[in-house]
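Just so it is clear, none of the values below were taken in a lab; they were calculated from the coordinates. Being a predicted model, the structure only gives us computed values, none of them experimental. Every residue, glycine among them, receives a Cβ derived from its backbone with ideal geometry; neighbour counts consider all protein chains shown.
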Amino acid sequence: MFHFYYISPYICAMEELKKIYCRYEMVCDNPAGAGVELYHMPEFFAERQGMETDSMHLHGFYEIIWFQQGSGVHHIDFKSYTISAGSIFIVSPGQIHSFDQTHDQQGIVLKVCTELFDDFITSPQLRISESDAAQLDRVVEAIEKELQMAGSYEHKEALKALVKLFVIKILRSASELDKHCAVPLKISQKAFLEYRKLIEENFCRLHTVKDYAALMNMTSKTLTLHVKDCSSYSPLELINHRIILEAKRLLRYSVLSVKEIAFRLGFEDPSYFAKFFKRIVKISPADFRESLTEQ
């Protein structure tokens, strides 16, 4: 597989994020054109030691990480998750993540181009039962075998179907252990997925539920009912959380001033942004940045 150094569209939009070393692997545009890459741990970490695993990084594809054995910590967007046997992470494009240096894990890393991945309502970390692990293993074997058949009839479609089967089996097993893990079937779940996507695309300029409801051709009340059916957060909380996440990223990884960050996130009044940030995070943007430098 070929590699090249690439500044993602996310980085291009904010050149100031120079502290992030972004190494983009050609999952979507590799010579085979498969859009899927499969790795095994611990070889995955050994081959990339010091390159992308231990330091904060982001990429433009989905990464499904299945820890079959081992321990450690996985950091995703300012949250830390304990790694244990049977835990699975689905990292979305644009998320910033890293691992600690405890690389005693065994398992699978599946990288999937965005065009081959159907969006699912899911938490970053899922758990599967031991009884379902054997089924997942067989799907992994099928993916590995199909990856060796480049040029075969409908090769890419076969991989897409296998990846979808892999994710379905993960969510089916996880939902048996956690009833809050939902597979998108209902109208409300489809609306929720669309709402999350629209927030991701517009959070720097649209800050009200009314704005997003208009984009979705529905009333704010209907949108609220859909979100309430799929999430413990209100529609406004989801917007605010996304803005705060971006603010934290910029405060941590950029040299932009608080005033510049406020303007970048669509706030005309920097003082209002500071009050907004402090109301949710409980400390001011400046104090948040200062606390990171002390760590």
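Here is the list for segment 219-285: GluC sites (Glu not before Pro) lying in DSSP coil, each with at most 10 other C-beta atoms within 10 angstrom of its C-beta, are Glu268. Convex hull volume of the Cα atoms of segment 187-293, normalised per residue: 99 Å³.
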